[in-house]
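Here's the structure we're looking at; comments come further down.
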Amino acid sequence: MAERMGFFTDTSVCIGCKACEVACKEWNQIPDDGFVFEATSYDNTGMLGASTWRHVAFIEQSRPVLAGDDEGVDRWLMSSDVCKHCTHAACLDVCPTGALFRTEFDTVVVQADICNGCGYCVPACPYGVIDRREGDGRAWKCTMCYDRQLGGLEPACAKACPTDSIQFGPLDELRERAEERVTRLRADGNEEARLYGESPGDGVGGAGAFFLLLDEPEVYGLPPDPVVTTRDLPAMWRWAGAAALSAAGAVALAFLGPSRGGGRR
Amino acid sequence: MPGRGWLARWPVIRQLTGEDGRSDAARSARTDALRPRTEEAGTVARSICPYCAVGCGQLVYVKDGEVTQIEGDPDSPISRGRLCPKGSASKQLVTHPGRQTQVLYRRPYGTGWERLDLDTAMEMIADRVARTRRETWEETHEGRVVRRTLGIASLGGATLDDEENYLMKKLYTALGAIQVENQARI
Amino acid sequence: MAECHPVGFQWVMEAKARGAKVFHVDPRFTRTSALADRHLPIRAGSDIVLLGALIHHVLENELDFREYVLAYTNAATIVSEDFRDTEDLDGLFSGWDQEAATYDPRSWAYEPSGEQPPADQAEGGPRDAEAAGADTYGAGGPAAHPSPRTDPTLTHPRCVYQIVKRHFARYTPELVERLCGIPRDGFAELAEAVTANSGRERTTAWVYSVGWTQHTVGAQYIRTASILQLLLGNMGRPGGGILALRGHASIQGSTDIPTLFNILPGYLDMPHAERHGGLDHYLEVEGGTTGFWGNRRSYVVSLLKAWWGEAATEENDFCFGHLPRMTGDHGHYTTVMGQIDGTVKGYFVVGENPAVGSSGGRAQRLGLANLDWLVVRDLTLVETATFWLDGPELETGELRTEDIGTEVFFLPAASHVEKEGTFTNTQRLLQWREKALDPPGDCRSELWFYHHLGKLLRQRMTDDEIDRPVRELTWDYPEHGVHREPSAEAVLREINGVGPDGRALSNSTQLRPDGSTACGCWIYCGVYADEVNQAARRRPGREQSAVAPEWGWAWPANRRILYNRASADPEGNPWSERKAYVWWDAGRGEWTGQDVPDCEIGKPPGYEPPEGARAQAALAGTDPFIMQSDGKGWLYVPAGLVDGPLPAHYEPHESPVANPLYAQQANPARRTYHRPESPYNAPGGRFPYVLTTYRLTEHHTAGGMSRPLAYLAELQPELFCEVSPQLAGQLGLANGGWATIVTSRAVVEARVLVTGRMRPLRVEGRVVHQVGLPYHWGWGGGGLVTGDVANDLMPLVLDPNVYIQEGKAMTCDVRPGRRPRGRAALDLLERYRHG
């Protein structure tokens, strides 16, 4: 297996431009997500889903402002969320068809030509990332631009990001860079700066896509202590494999049948 | 791996036969064949983003007469390969289904569009320019020579190329049309 | 900047990471504010007070970069004793003619003023005022005495330094607090940072966009910043400057090679029937004979040779008579009035959407509806093409489709990847685009359209004298491909210019006044040097210095920082090692450094011009501002501006605040249009709120290139207004609900976004609420998302120097709920106008 690749999203330099959302959609040819004004700061795409693989959250924070009586927003947090590509990926654990698999870059990818839309993966994800697309039925999520990586290219979102808030590279390097960055931010007085998802000791065994946050994870809509939903089911895969056996066998026969018939003619 | 061919490569079969179901074993043939589609491009044009005036570099990938991808040009010392949401949507700008590709004509007092051949439209426009120019020609204004027409005006230019602006200004000036303006005024 | 130029903002973020302090001054807390070290909320329309107070702070505390100021600016110059300041005349400068509503600028001149032309011939005088003449002086300034009297001690009461100091004496932090709404500690922090980061070792940059230009004192906003930056020694130096971030891919190019009424390519004036006779007279009254503008004859004659070739001869004034003459304002808004009045019959609209993008959209559409014919060229069916079918005036009953006589041609345009050519970006950099593929269907480039239209028109020309300029026009560009596309490189080469040998020129200094050279735009001369398309150069940035001189080509002469002579001290040495950029190499006897030096390369710093010298020879070796007739940066403008030699704070045309500085409420020279199609808001309580408009990063201008795109439309799907929680509470506006915004021009509905990013400001002792509206929506335009037209709300009132409308500060009323429809909308407007 090649080196483990990942995303480091440094939200302290995110300008909320949403280039990541658009670049992702252009590359991956994802449909639009509807045209709804959400009246939620500048966020009109809501959350990660089958047709939004990068999502920028906007959080307006009010505090007493200088020399005035009125309160006004003095901090506007922006953060581009994405699939975490967990070390222990529950979506993959529960996938009965093998549509979800772990790539040589240690990322987690759904194969659209295999996914049968069973949806087991959807509730399994501790972050609520993966989802089934309406009309299509299959499950979709960020692939970390697996196809681009196979050609030695960085994912579309990381390439487009104007301020390098989204960084792509070998996970170990990113972790080192992130440590330095968080240390510096803290030294500069951002005491709440923290990394999220970088620790191999966390509930998902560490994320392949981790973040530098300037506040509690909940503020950004991230679970504070995510746990792989299949942690207590080490035998899950064998179980799922057995389930798949019967289904696959039936399907295989269905395919083989006509083929043999054709051969007789 | 049992046998060869599509059946043998089917992930479920491969998982059942003992390969690691969560990595290589699960790969479909389509997955195995994955490459970035930019590798298949016949040509790559070095271009510039058409939105704001920062002037970010773009690479335009074309395959079989279709734009298959537009992304940042990492060589640009201005943008270093990066693009904003608008720049990132450039492929959609040039390929979206709402783009008009036919000449349309609305006759005076008409209630709908009609089709018109491009050459015919050009001849009709030239006729109107020549006629309006002649009808509204002003040789003098309050006793001074002006040699112009106030009957023809033009708006636009900031989204166009320098060469296009040049031909516009040159032609309009020769025609005596002086009410020539663009977005720089607003 | 993060909002509208996100990719450019990466450099601000880099600077910040390296220790730069970033301030953001804006009425709203935007995505830029979010990343700045400090956001200073300001009342829209009060920036001259803020900048003026910074100037005051610098001068009161003697924080100016004295050596720079003495050597490179006109601080020491003595001004005419006839000059009177706004401080003396309660808001007017000397020379105001109340009846004509224009200034006679002659009393603003240096001493000795020498012989002055009559008032109506003066640069910046009434004739200039009525034809945006001042616009051209931005490129170099008008004539000023090249060697006026000076007082290097800066103590003479009539020296520029003292005049500027007196002028801004009342622009104090207290005034900033009262008028801008910026608390004193915020101002103090800004003043400290700006002055601490200026001088030999450090520089400060100011970045602006239309938030500074779209005001009735827009040009003076920039002037105020110029004064500050000159005093601090921040011009012509790396990391300094006043940087305009422009909003269209080639809006800089379309100003350099202007599709604008008042200039010819390279900022040469369009001739004016009353100011100019023949070529000699034109050259006599336009600009000085010193500095690089002293070569104006070469620039003009070479342009005429490019356009009329063999036909242009010394004997016939090089066809100068072929140029049509202005007689006044032929600008965008006057043209629209001409449409309404029936004088303008035919209209080309190419890649612009005035029915949505221009101020006072209703007047725009009434103008379109009164044309004989209209040609619209765009990528999609923008609202300007469909106003007769689905415009808002049909809903109100003001227009009926079957009554509109306008004949409309819609011609689909080629996109940026379907043609080749150059864009000139916001830093004057020309970048060549390769063509990726042919345009689909009937889509064609503008180059194709105008080239072939020109050919068809030439077929229609007769022997008549009025047809001579078209007949004799050089118009023989090579064609290629199935569509017979003209060669953009051939056009670029014509713009670059050729010498007597027919070879491409390499520098504008090669241009001659005798007709032996031809050049379509003198400032672009060199873009085709050595017969090579220099704009197509693409040596990767990582293989070059930070200046990246081999990527594209910047005018003039590939210089990346203008006036960079000022990056060295008068002796030619860098001000500091840290800020070294170009310098004099005494050993080699020439200027050198990281950039192309913006001066004559062999002119030693000690050069003193002989008596009677002309053009660049008249500038000393210490003069960095080589386009100015005196080579100096102007703290005070002795000629050229039509609304005063110094910036003064005037309230916007529509303002809820009385000007406490002067009896003169608004810029007296501003241009107004008293028309029923677009009336002004009455002062007083009917329109109590400040309205400001802007862009979002997810959309582009009037939306023609963003609303039809699903990936952008979904990000910002509806027109919304931003209001503070306080105003929302006061008016009963619910987040996510609807609000109706009213001015005398229009009534517009928008979804409500209640946000603490909008802050009520305490101005003149009371609370002023500001309402923000992005302007990207329209009713159609092939958009996947639609909305009311925010620009319909705006007044038609212009800056008098450059004729840009005041779109950033006006008054309005806000009501909860959706707007009335049809006739009821007009009734509501009537009540606001006269009620």
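When the Cα positions of C:Gly772, C:Gly817, C:Thr786 are compared along the charge dipole of segment C:735-835, C:Gly817 comes out farthest toward the positive end, with charges on each C-beta of Lys, Arg, Asp and Glu. Computed log10 I(q)/I(0) for chain C at 0.10 Å⁻¹: -1.18, from the Debye equation with unit scatterers placed on every C-alpha and solvent omitted.
Only Cα pairs under 8 Å and 6+ residues apart enter the sum, and on that basis the relative contact order of chain C stands at 17 percent. Judged by the gyration tensor of its Cα atoms, with axes a ≥ b ≥ c, segment C:424-547 is oblate; a/c meets the 1.5 cut and b/c is at least as large as a/b.
Relative to the dominant Cα principal axis of chain B, helix B:162-175 is inclined by about 20°. Across chain B, C-alpha contacts under 8 Å between residues 6 or more apart give a mean separation that, scaled by the residue count, equals a relative contact order of 9 percent. On full extension, the segment bounded by C:Arg539 and C:Asp82 gains 158.9 nm, given 0.36 nm per residue less the C-alpha separation.
For the protein assembly as shown, the share of DSSP beta bridges that are antiparallel, to the nearest 5, is 65%.
Using a ≥ b ≥ c from the Cα gyration tensor of segment B:67-158 (square roots of the eigenvalues), is it rounded, prolate or oblate, where a/c under 1.5 gives rounded and otherwise the larger of a/b and b/c decides, a/b for prolate? Oblate, because a/c is 1.5 or more while a/b does not exceed b/c. When C:Asp47, C:Asp569, C:Asp464 are sorted by how many other C-beta atoms sit within 10 angstrom of their C-beta, beginning with the fewest, the order is C:Asp464, C:Asp569, C:Asp47. The residue list C:Pro800, B:Gly42, C:Pro271 was ranked by how far each Cα lies along the charge dipole of the protein assembly as shown toward its positive end, using unit charges on Cβ atoms, and B:Gly42 comes out on top.
In this structure the amide hydrogen of C:Met810, modeled in the peptide plane, comes within under 5 Å of the amide hydrogens of C:Leu691, none closer than 5 places in sequence on its chain. Of the residues C:Leu50, C:Leu727, C:Leu826, the one with the fewest other Cβ atoms within 10 Å heads the list, and the complete ranking is C:Leu826, C:Leu727, C:Leu50. A Cβ-based charge dipole, computed about the Cα centre of segment C:671-834 with Lys and Arg at +1 and Asp and Glu at -1, lands at about 340 debye.
When a/c reaches 1.5 or more, the comparison of a/b and b/c decides; with that in mind, is segment C:671-834 rounded, prolate or oblate per its Cα gyration tensor? Since a/c stays below 1.5, the shape of segment C:671-834 is classed as rounded.
Calculated mean residue ellipticity at 222 nm for chain B: -8500 deg cm²/dmol, from DSSP H runs with n ≥ 4 weighted as -39500 (n - 2.57), summed, divided by the residue count and rounded to 500.
Cβ under 14 Å from C:Ser250's Cβ, C:Ser250 left aside: what net charge do those residues give with Lys, Arg +1 and Asp, Glu -1?
On the way: positive: B:Lys169, C:Arg246, C:Lys419, C:Arg428, C:Arg433; negative: B:Asp161, B:Asp162, B:Glu163, B:Glu164, C:Asp256, C:Glu352, C:Glu420, C:Glu446.
The answer is -3.
Working ranking of peptides A:145-153, C:814-822, B:159-167, C:771-779 by packing, defined as the average number of other Cβ atoms within 10 Å per residue, highest first, is B:159-167, C:771-779, A:145-153, C:814-822. Here the contact order of segment B:37-95, divided by its residue count and restricted to Cα pairs under 8 Å and six or more residues apart, works out to 28 percent.
In a simple Cβ point-charge model (Lys, Arg +1; Asp, Glu -1; nothing else charged), chain C has a dipole of about 2500 debye relative to its Cα centre.
Under the combined filter of DSSP loop state and at most 16 neighbouring Cβ atoms within 10 Å, segment C:543-643 retains these trypsin sites (Lys or Arg not before Pro): C:Arg578, C:Arg588, C:Arg614. Remark: C:Trp555, B:Trp113 ranked as B:Trp113, C:Trp555, counting other beta-carbon atoms within 10 Å and listing the fewest first. In this Cβ point-charge picture (+1 for Lys and Arg, -1 for Asp and Glu), segment C:413-530 has a dipole of about 220 debye about its Cα centre.
Averaging the Cα positions of each part gives two centres, and for segment C:695-733 and segment C:235-288 these lie 35 Å apart. Averaged over peptide C:471-484, the number of partner chain Cβ atoms lying within 10 Å of each residue's Cβ comes to 1. Of the beta bridges in chain C, as assigned by DSSP with both residues counted there, near 55 percent are antiparallel. The per residue volume of the convex hull around the alpha-carbon atoms of the protein assembly as shown is 186 Å³. For chain B, the Kirkwood hydrodynamic radius from C-alpha pairs, put into Stokes-Einstein at 4 °C and a viscosity of 1.567 mPa s, yields a diffusion coefficient of 58 µm² per second. Please compare each pair in C:Lys21/C:Lys808; A:Lys159/C:Lys579; B:Lys91/C:Lys455; B:Lys169/C:Lys455; B:Lys86/C:Lys435 to a cut-off of 22 Å on the Cα-Cα distance and tell me which ones are over it. Result: C:Lys21/C:Lys808; A:Lys159/C:Lys579; B:Lys91/C:Lys455 exceed 22 Å.
Calculated mean residue ellipticity at 222 nm for chain C: -6000 deg cm²/dmol, from DSSP H runs with n ≥ 4 weighted as -39500 (n - 2.57), summed, divided by the residue count and rounded to 500.
Each value in this text was obtained by applying a stated rule to the coordinates, not by laboratory testing. What you are looking at is a predicted structure, and each value in this text was computed from that prediction instead of being measured. Note that each Cβ is placed from the backbone with ideal geometry, even for glycine, and that neighbours are counted across all protein chains shown.
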